[in-house]
Each structure stands twice: as structure tokens, then as C-alpha cells.
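Here is the structure we will look at, set down as C-alpha cells.
The values are calculated or read from the model by the stated rules, or taken from the named source; none is laboratory data. Just so we're clear, the structure is a prediction, and the values are computed from it rather than from any experiment. Using ideal geometry, Cβ is built from the backbone for each residue, glycine included, and neighbour counts are taken over all protein chains shown. With ligands, DNA and RNA removed, areas are computed over all heavy atoms of the protein, side chains included. Shrake-Rupley method; radii C 1.70, N 1.55, O 1.52, S 1.80 Å.
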Amino acid sequence: MFSEWISSHEDISAEEAAAEISVPQESAMGHYTFKCFKFAKRFGVTPQGLAEKFVARPAAEWMENISAAGAYVNIFLNRSMFAEKTLADLHKKNAGYGGGNIGGGRVALVEYSSPNTAKHFHVGHLGSTIIGNALYKIFKFVGYKTVGLNYIGDWGTSFGKLITAYLHWGDKAEIERIGIDGLTKLYVRFHEEADADDTLNDEARSWELKILSGDGQGLSLWQWFCDMSMKEYARIYERLGVEFDVIRGESHYKNKLGEVVAELEKKGLLTESDGAKIVDLEDYKMPPVLILRRDGGTLYHTRDLAAAIDRREEYGFSICLIVTGSEQILYFNQMKKVLELMGHEWAADVEHIPYGLFVMEDGKYSSRRGNVIKMEDLLDEAVAKTLAIINEKNPALSNKEDVAAQVGIGAVIFFKLYNNRIKDVNFSFEHVLNFDGETGPYVQYAHARACSVLEKGGNFSADDAIAGKNLADDESFAVLRLLHKFPDAVAEAANKREPFLVSRHLVALAQAFNRFYHNRTVLTDEPELRAARLSLTHAVKTVLSNGLGLLGMAAPKKM
Ligand code: ARG
């Protein structure tokens with residue numbers, strides 16, 4: 001509202017204005033403050049002068065008071081008007097409330113999850129999957145045309161090794177029975193034996209080259225290994241509620257690297273080193289990028305260069321987010337530099353979105369890095385523990401298993417999205433499943449509470465006008481301010497590529513709603529008051545459910 005008001009009075013866009021509006025530390029100053037510094041030059045006045053100019057205008061009807069303090073314009077809201085306007089707008093937009101049009105229909109490609117086949121889906125890929133899924137939904141909500149892509153690691157040296165190991169020691173029946181565990185065993189054995197016998201490494205390399213040139217036996221083994229993993233991934237994605245528009249493995253580029261190499265050659269970027277071809281990045285203080293192996297094998301970087309060019313051609317993205325652990329920061333800086341040196345001006349639109357480690361604190365999962373913990377085990381345990389809590393707190397609940405899955409898995413998701421991406425986080429079930437903490441279950445519970453109040457409230461329509469004076473108390477006003485700010489939180493989460501700006505907002509809203517619920521009786525006998533409070537409760541339900549949806553979580557009605 002305030003940003004629109006500023007915008008309607010001067011040549012300042014609402015977005016520009018919004019960026020300079022904040023909530024003052026001391027509430028005695030006002031409910032909002034607008035800083036004039038950035039714009040004074042534009043109008044040839046001092047920042048103080050600009051502030052005075054605003055204050056001289058007629059105030060908006062929803063303003064209680066407007067004043068200037070130096071270069072700041074401070075306003076107090078008229079609580080009743082603010083309540084009426086906020087709720088009318090919110091109920092009208094409903095499931096779309098919080099969204100926007102920052103994207104203007106431009107394409108945002110979000111690459112996430114990207115596990116490596118022939119290995120279990122381990123907790124190391126949880127961050128990419130969950131953060132990427134949230135960013136995908138957030139970008140869509142703020143008006144981007146989104147493409148969600150899973151770039152499966154299904155090519156590379158490990159497959160030559162695995163084929164070699166299988167042909168030496170593999171047992172088809174056993175692998176069919178135990179699946180990926182069998183592959184892991186073979187992989188470990190390969191490394192043990194190859195330490196003593198280097199010819200195994202040669203054999204592995206030759207298998208890698210053979211499958212590259214289409215060897216039937218090798219390719220069908222490779223396919224078998226990949227299918228096994230994809231089945232496991234499909235189960236996990238289903239449980240996490242994660243979907244992709246495109247699943248495209250690294251193998252897609254295995255025979256398409258010639259063009260990249262030729263382009264690099266033509267632009268004079270390739271040099272020889274020990275029989276291999278590299279792009280030297282010494283001028284940019286980075287290690288060289290290996291493009292072609294001496295034996296002709298393909299490389300992670302080369303496949304990524306081909307993939308980036310291909311994605312740009314196919315989707316014409318304005319933004320390409322690649323969500324992968326922070327250990328690959330240098331790798332992506334190198335890749336972007338090479339794209340830039342190739343003359344692809346869009347290299348700047350490719351963004352690596354790194355995230356920190358998932359550190360497990362709990363007994364049997366204890367591990368500095370999560371990449372030895374199987375995702376399925378973690379999810380099973382989260383659901384089992386949640387079911388135990390439900391059995392204790394609400395044993396009569398119907399479809400307990402479903403709710404336990406929604407809450408248990410939601411708790412894991414929420415936890416990963418509650419901090420700045422890059423921060424390493426310590427995972428413990430005790431913390432994650434604490435219904436009173438800053439957790440997923442806490443937010444879901446507030447949502448379920450709102451649902452149950454609305455159900456008891458009976459016939460009421462959110463579309464009916466309410467008298468804002470009934471929501472002028474402190475508790476209601478605090479809730480309203482958070483409801484009103486939700487679209488800004490979503491926009492900021494998109495702009496900063498930080499889903500925690502949404503999750504934190506939801507916790508604050510759930511807390512404010514709980515205070516409101518405990519201090520004000522929603523279902524009073526006074527019809528006008530009751531309608532206003534139900535309308536507010538409905539709005540809270542809407543925002544919590546929209547927000548949980550953006551994070552990739554369910555919003556159960558009962559729990
Ligand atoms: N599969 C890779 C890994 O597990 C992640 C892929 C990241 N994306 C990319 N375009 N390189 O480390």
C-alpha cells in the first residue's frame with residue numbers, strides 16, 4: 001500500500017519504493033518508514049526536501065498519520081482501514097496471494113536434485129532437492145516461466161569401474177535381490193583390488209570408452225545400473241512431493257561434446273597439457289579446466305559446458321539456477337568463466353546456488369557429512385517418530401499414517417529451509433520434530449488449528465466485508481501486518497534465492513496467530529466480531545497453506 005502510495009505521487013516505481021520501505025526499530029516512530037536518499041537527485045531536491053514534499057501531500061485514507069523526520073517519511077496505519085484493505089485483497093487473491101509478476105513471463109530454469117546413479121540417494125542430495133524444489137515453486141509464483149530440471153549424474157569414470165567389477169565378481173541374482181547395495185559393494189571391491197592391480201584401472205577406462213562408442217554389452221549393463229537407481233529416486237521424489245519438468249542425465253551429452261571442443265578450439269581457448277586439452281585460467285587465478293582427456297574420455301566440466309549451451313538454446317532462459325553443494329563453488333566459477341571466454345554473454349545468467357552441509361547429530365546417523373546416510377532411511381525414521389508422537393497426542397486422529405508422512409517429511413524439508421542456504425546445519429530429530437519449536441510441525445499445527453476454528457465457526461464467507469474496527473487490537477494487528485508482508489517475503493526470497501525468508505515468515509505468522517488465538521476468543525457470540533475474527537483466521541489459513549506449498553510441504557487440515 002505504502003509503496004503504491006509513494007509511486008502514485010512521484011516518478012518512483014512501486015518496486016523501487018518497496019526496497020526503501022522498512023519497519024522502524026522503535027514502534028513509536030511509525031509502522032513504516034520510507035528512506036528518501038536514493039531518489040532525491042532524481043527530483044533535484046535534498047533527501048529532506050523530498051520527505052517534506054511527500055508529507056505535504058494529502059494523506060491516504062488508511063494512514064493514521066504521516067510525518068517527516070529528516071530524510072525519512074514515517075507513517076502510522078489506520079488499523080481498521082488496514083485490516084479491511086489487507087483482508088479484502090488477500091481473500092480476493094486467495095491461493096494466488098503472495099505471488100507476483102517479477103518474472104514477467106521470463107524463463108527461469110532451475111536445476112536441482114541431480115543425484116548420481118548406481119549410488120543410493122543419500123542425504124547429501126537432500127539440500128539440492130529441497131532447496132531447488134522450493135526455488136522452483138517460488139519463481140513460478142512470482143511470475144517466471146519455470147523449467148525444473150533434474151541433471152542425473154549417469155555418466156563418467158565410475159561406470160567403467162562398475163562394469164569391470166561386475167564382470168569380474170558380480171552376481172546377477174544377488175544384485176537383483178539387494179539392488180544398489182550390491183553395486184556399492186562392487187564399487188568398493190573395485191577400489192580395493194585396483195590398489196593392488198593397476199590393470200583393473202586400464203580395463204575400467206577401456207569399458208568407459210567402449211560404452212561411449214556404443215558397445216552393446218557395456219551399454220545394457222549401464223542401463224541396468226541406472227534403472228535400478230531411478231526406481232529408488234522415483235520412490236523418494238514421490239514421498240517428498242518433488243517433481244521435474246525434465247529429467248536429463250549427463251549421458252545425454254556423451255556424444256555431443258565435439259561441438260563444444262570445436263568451438264573452444266576455434267576461439268583459441270584450448271591448450272595442450274600432457275596430451276590432454278585444457279582451458280588455462282591462470283589469468284583469472286583459477287586452476288585450468290580439463291576439457292578432453294588424453295584417452296578421449298569425457299569430463300564433468302565438458303558435459304556441463306555442452307549442457308549449458310544446450311539449455312540456453314532450448315529454453316532461452318533469463319536465469320539458470322544450479323543448486324549444488326558449496327564444495328562445487330570453484331567448479332562453477334570455472335565453468336562460467338569458460339562460457340564467458342567463449343563469448344556467451346548469457347554466462348552471467350547461470351548462477352550456482354550453493355548450500356551447506358547437513359550434519360547429523362543423532363546416534364546411528366552420526367556423521368559429519370550426510371552423504372553416507374540413505375535418504376529412504378532418514379524419511380522412514382522421520383515418519384515413524386512422527387507417528388509415535390501422534391499416537392501419544394492425538395490417538396483418535398483418522399488417517400494417521402498419511403498425516404505422519406506429511407508432518408514427518410515436512411519437518412525434514414522445513415528444517416533444511418529454515419536457515420541461510422550456505423549455513424551448515426545440525427540435524428536432530430528431537431529438534432526437527434519439536435511441535436513447539438521453530439519447526440515445520442509448529443507451522444502445520446497452526447494451520448490445522450485455523451482449519452478447525454473455521455470448521456467450528458460454521459457458516460461464514462471470507463468474501464463478506466468485515467468491519468475493520470473489530471481487528472484493531474494489538475494481537476490482530478500483529479497478525480495483519482505479517483499477512484500484509486507475505487508477498488514481500490516471497491519476492492525477497494526469489495530475489496535472494498533464499499527460501500528461508502518464506503519459512504521464517506511463516507513461523508512469525510504462526511506465532512502471532514497463536515497469540516491472537518489464545519488472547520482473543522474467535523467464536524464469540526457477538527456476530528460482527530466473530531465474522532471479523534473468522535475472516536482473519538481464514539486469511540492466516542490461506543497464507544500458511546500458500547507458504548507451505550511454496551516450500552514443498554503439505555498443509556494437513558487435522559493433525
Ligand atoms: N551430480 C552432481 C553431484 O552429485 C551434481 C550436478 C550438479 N549440476 C551440474 N550441472 N553440474 O555432485
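Let's see how each residue does on (1) over 30 Å from LEU551 (Cβ atoms); (2) touching a strand residue (DSSP E or B) at 6+ places or on another chain (Cβ under 8 Å); (3) in a loop (DSSP other than H, G, I, E, B):
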{"residue": "ILE138", "(1), (2), (3)": "no, no, no"}
{"residue": "VAL147", "(1), (2), (3)": "no, yes, no"}
{"residue": "SER158", "(1), (2), (3)": "yes, yes, no"}
{"residue": "ILE175", "(1), (2), (3)": "yes, no, no"}
{"residue": "LEU183", "(1), (2), (3)": "yes, no, no"}
{"residue": "GLN217", "(1), (2), (3)": "yes, no, no"}
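Cβ-Cβ distances below 8 Å connect the following pairs, each with a first residue in the stretch 446-457 that is in a helix (DSSP H, G or I), a second residue that is at pLDDT below 95 and not charged (D, E, K, R), and a separation of six or more residues or different chains: ALA448/MET559; LEU454/PHE460.
Tally time: how many residues in the stretch 81-112 are within 24 Å of LEU321 (Cα to Cα) and of a type in the set (Lys, Arg)? Here the count works out to 1.
Count of the stretch 111-120 residues, restricted to those that are within 11 Å of the ligand (Cβ to nearest atom) and either at pLDDT below 95 or more than 19 Å from the chain's Cα centre (by Cα) (or both), is 3. Scanning the stretch 133-158 for residues that are within 15 Å of ILE236 (Cα to Cα) and within 14 Å of the ligand (Cβ to nearest atom) turns up ASN150, ILE152. Take the conditions (1) open to solvent by less than 10 Å² (accessible area, probe 1.4 Å); (2) more than 15 Å from the chain's Cα centre (by Cα); TRP169 misses just one of them, which is (1). The residues in the stretch 405-434 that are under 13 Å from GLU361 (Cβ atoms), in a loop (DSSP other than H, G, I, E, B) and in contact with a strand residue (DSSP E or B) (Cβ under 7 Å, 6 or more places away or on another chain) can be counted, and the count is 1. Annotation: ALA40 fulfils all but one of (1) exposed (fewer than 15 other Cβ atoms within 10 Å of the Cβ); (2) touching a Ser or Thr at 6+ places or on another chain (Cβ under 8 Å); the unmet one is (1). Out of (1) in contact with a Gly (Cβ under 9 Å, 6 or more places away or on another chain); (2) within 25 Å of PRO487 (Cα to Cα), the odd one out for ILE6 is which? The failed condition is (1).
Residue-by-condition table, conditions (1) open to solvent by less than 20 Å² (accessible area, probe 1.4 Å); (2) over 24 Å from the mean Cα position of the chain (by Cα); (3) modelled with pLDDT of 95 or more; (4) more than 15 Å from the ligand (Cβ to nearest atom):
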| residue | (1), (2), (3), (4) |
| --- | --- |
| GLU84 | no, yes, yes, yes |
| GLY99 | no, no, yes, yes |
| LEU109 | yes, no, yes, no |
| THR129 | yes, no, yes, no |
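Exactly one residue among VAL142, VAL123 is β-branched (Val, Ile, Thr), at pLDDT 95 or above and either farther than 22 Å from LEU379 by Cα or open to solvent by less than 10 Å² (accessible area, probe 1.4 Å) (or both), and that residue is VAL142.
Apart from one condition, LEU221 fits all of (1) surrounded by 19 or more Cβ atoms within 10 Å (Cβ to Cβ); (2) without any contact (Cβ under 8 Å) to a residue 12 or more places away in the chain; the exception is (2). Hey, does the stretch 60-79 have a residue that's assigned to a helix (DSSP H, G or I), under 30 Å from LEU550 (Cα atoms) and at pLDDT 95 or above? Yes, the conditions are met somewhere in the stretch 60-79. For ASP463, the criteria (1) touching a residue at least 40 places away in the same chain (Cβ under 8 Å); (2) surrounded by fewer than 19 Cβ atoms within 10 Å (Cβ to Cβ); (3) under 29 Å from LYS393 (Cα atoms) hold in every case but one, which is (3).
Within the stretch 500-525, the set of residues being under 19 Å from HIS447 (Cα atoms) and either of a type in the set (A, V, I, L, M) or not in a helix (DSSP H, G or I) (or both) comprises LEU501, VAL502, LEU506, VAL507, ALA508, LEU509, ALA510, ALA512, ARG520, THR521, VAL522, LEU523. For beta carbons closer than 6 Å, sequence separation of 6+ or different chains, a first residue in the stretch 312-334 that is on the phi < 0 side of the Ramachandran plot and a second that is among the basic types (Lys, Arg), the qualifying pairs are SER318/ARG106. Scan the stretch 200-218 for residues that are free of Cβ contacts under 8 Å to residues at least 60 places away in the same chain and open to solvent by less than 60 Å² (accessible area, probe 1.4 Å) and jot them down. Across the stretch 200-218, the qualifying residues are LEU200, ASN201, ALA204, SER206, TRP207, ILE211, GLY214, ASP215, GLY216, GLY218. Among the residues in the stretch 358-373, are any polar (S, T, N, Q), farther than 24 Å from ARG449 by Cα and part of a loop (DSSP other than H, G, I, E, B)? Yes: the stretch 358-373 contains one or more residues that are polar (S, T, N, Q), farther than 24 Å from ARG449 by Cα and part of a loop (DSSP other than H, G, I, E, B).
Every residue, every condition in (1) closer than 27 Å to GLY160 by Cα; (2) out of contact with any strand residue (DSSP E or B) (no Cβ under 7 Å at 6 or more places or on another chain), yes or no:
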residue: GLY258; (1), (2): yes, yes
residue: GLY268; (1), (2): no, yes
residue: SER273; (1), (2): yes, yes
residue: ALA276; (1), (2): yes, no
residue: PRO288; (1), (2): yes, no
residue: ALA307; (1), (2): yes, yes
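Against the list (1) under 30 Å from ILE319 (Cα atoms); (2) in contact with a helix residue (DSSP H, G or I) (Cβ under 6 Å, 6 or more places away or on another chain), the condition ARG515 fails is (1).
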